[in-house]
Amino acid sequence: MYKKNKKNVSHDFKLYKCCGCEICADACPTKAIVMKENKEGFKYPSIDNDKCINCGKCLKVCPMRNSTFRVQKYEKPIAFAVKHKNEDDRSESRSGGIFTALSDVVLNNNGVIYGCILNEKFEAIHFRADNKEIRNLMRGSKYVQSSMKGIANQVVEDLKNDKVVMFTGTGCQVQGIRQVVPINLQKNLLLVDIVCHGVPSPKIWREYLQYMSKKYNGKITAVDFRNKKDYGWKDHVETIEINGTKHDSKVYTNLFYNHVIIRPSCFKCPYKNLNRPGDITIADFWGIDDVVSGFNDNKGVSLVLINDNIGKEYFEKQKNDIIFKSVELEKTLQPPLKGNFIEPSNRKKFWHIYYTKGFEKAIELYGVIRKASIEDKFRRKVKNLTNKRK
Ligand SMILES: Cc1cc2nc3c(=O)[nH]c(=O)nc-3n(C[C@H](O)[C@H](O)[C@H](O)COP(=O)(O)OP(=O)(O)OC[C@H]3O[C@@H](n4cnc5c(N)ncnc54)[C@H](O)[C@@H]3O)c2cc1C
């Protein structure tokens, strides 16, 4: 139980796993919270105790501690396989282009979209779009934690001004927005969460860009975290454009899949299950060939989970723009919908090598796909046995 005293507030932030959504900093009425990057490059709240009035708002909005009761939430999500009818829209999107179809409904209704873009320094940040040009920058997955600075307050402001708002982000970001928006303003809010493996460190992303820039002796001009146009939907190759020339690589991709650069709280994520925080959940539809034969053309299929009546209403509104098939939920369950990944035993070693020997040495050892160590295999076995006994 939360008790009002200064010690508790700061202690709680340390004790509880912080997901870095930044909602507490936005929600704080006295601006006592500033987000600061730690050694790994992830942001954590730092509290100015002279400004803190112990109101507890920061703890109330934290998505790692709370989940607001939702009247209309379905007992279990309704699942669909989706492809956007427009091939250009699908090709620009990570999976089947459902984000474009849903956000078109909102934009056509004079609404606004919040999602993740890359800024001029190729940093991932959340941003507001009131037109398709800016919305299009949100398409494509940026495999790095995005900054949410100031976003929660902008969302609330838009809703107060009677705008229809669609917010997209990771499960924790979406739940944070749900916590911070007063119930009476939620009628015009559509929340869409992406199924998320975990968010990588912005510091390592910066290091990687510097490394590529040095290696090819030039300025980064464009990046594509997952080059679907050249490699198809299923492959995962990043493409970094330097002085206009494209360079393909799997170094960053491998660091991501080896789980060594993922935020610690992602290994204890409360949203790696079917208790979805969004009205709609979107993902890549992995395993589609076993569920709907002939639907996959390697240009991208979205998995769409409808979690409540608001989600259903918007899904109905965009149906003309998509090809869709109703599917059995049980057949759609990829690992991040079933539970947390085990933190790899060598995550600490990766960071130790990075701090002591630098980025290049670290990627020499960890920028290739790692076979599970004996220790990891043993831990997985023990976990499986424990789960079976539960
Ligand atoms: C860090 C990360 C991990 C992911 N892990 C998985 C996974 O394990 N399984 C899986 O099926 N899919 C994963 N995805 C992909 C995600 O499911 C796709 O964004 C989704 O399939 C949407 O497809 P689309 O074609 O409609 O999206 P697009 O049109 O490509 O739109 C992309 C959407 O993702 C949002 N977005 C992009 N980058 C970020 C970011 N860094 N933080 C928050 N929001 C972002 C944008 O705002 C936009 O709403 C991950 C994406 C990210 C960013």
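Data overview
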quantity: Ranking of Glu343, Glu133 by count of other Cβ atoms within 10 Å, fewest first; calculated: Glu133, Glu343
quantity: Cα-based Rg / Dmax (Å) for the range 189-240; calculated: 14.3, 46
quantity: Fluctuation leader among Ser93, Ser201, Ser213 - the chain, Gaussian network, Cα springs under 10 angstrom; calculated: Ser213
quantity: Given Lys73/Lys317; Lys250/Lys325; Lys160/Lys272, the pairs whose alpha carbons are separated by over 22 Å; calculated: Lys250/Lys325; Lys160/Lys272
quantity: Per-residue Cβ neighbour rank within 10 angstrom, fewest leading, Tyr211, Tyr231, Tyr355; calculated: Tyr355, Tyr231, Tyr211
quantity: MRE, 222 nm, helices only [DSSP H, n ≥ 4, -39500 (n - 2.57), over the chain, to nearest 500]; calculated: -9500 deg cm²/dmol
quantity: Dipole magnitude of the chain about its Cα centre (Cβ charges: Lys, Arg +1; Asp, Glu -1), debye to nearest 20; calculated: 1920 debye
quantity: Cysteines, the chain, no other Cys beta-carbon under 4.7 Å; calculated: Cys18, Cys21, Cys28, Cys52, Cys55, Cys62, Cys116, Cys196, Cys266, Cys269
quantity: Gaussian network model of the chain, Cα within-10 Å springs - most flexible of Ile177, Ile47, Ile98; calculated: Ile47
quantity: DSSP-loop trypsin sites (Lys or Arg not before Pro) across the range 163-222, with at most 12 other Cβ within 10 angstrom; calculated: Lys219
quantity: Rounded to whole Å, sorted largest first: equivalent-ellipsoid semi-axes of the range 46-100, Cα gyration tensor; calculated: 40, 20, 7
quantity: Computed over the range 290-335, Kirkwood Rh from alpha-carbon pairs, angstrom; calculated: 12.3 Å
quantity: Considering only the chain, percent of DSSP beta bridges that pair antiparallel, nearest 5; calculated: 75 percent
quantity: Expected-Rg normalisation [2.2 N^0.38 Å, Cα atoms] applied to the range 18-121; calculated: 1.49
quantity: Charge tally in the Cβ shell below 14 Å around His247, where Lys, Arg are +1 and Asp, Glu are -1, His247 excluded; calculated: 0
quantity: Candidates Gly115, Gly300, Gly41, ranked by Gaussian network fluctuation over the chain, Cα under 10 Å, top entry; calculated: Gly41
quantity: Computed over the chain: relative contact order in percent, which uses C-alpha pairs under 8 Å that are six or more apart; calculated: 20 percent
quantity: Volume per residue that the Cα convex hull of the range 229-307 spans, once the total is divided by residue count, Å³; calculated: 148 Å³
quantity: Charge dipole (the range 37-112, unit charges on Cβ, about Cα centre) - positive-most of Tyr74, Ser95, Tyr44; calculated: Tyr74
quantity: Solution diffusion estimate, µm²/s, Stokes-Einstein, the chain, Kirkwood Rh from C-alpha pairs, 20 °C, viscosity 1.002 mPa s; calculated: 98 µm²/s
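Taken together, the values in this text are just the output of simple stated rules run on the coordinates, not laboratory data. Because the structure is predicted, anything quoted here is derived from the model rather than measured. Glycine gets a Cβ as well: all are built from the backbone with ideal geometry, and neighbour counts include every protein chain shown.
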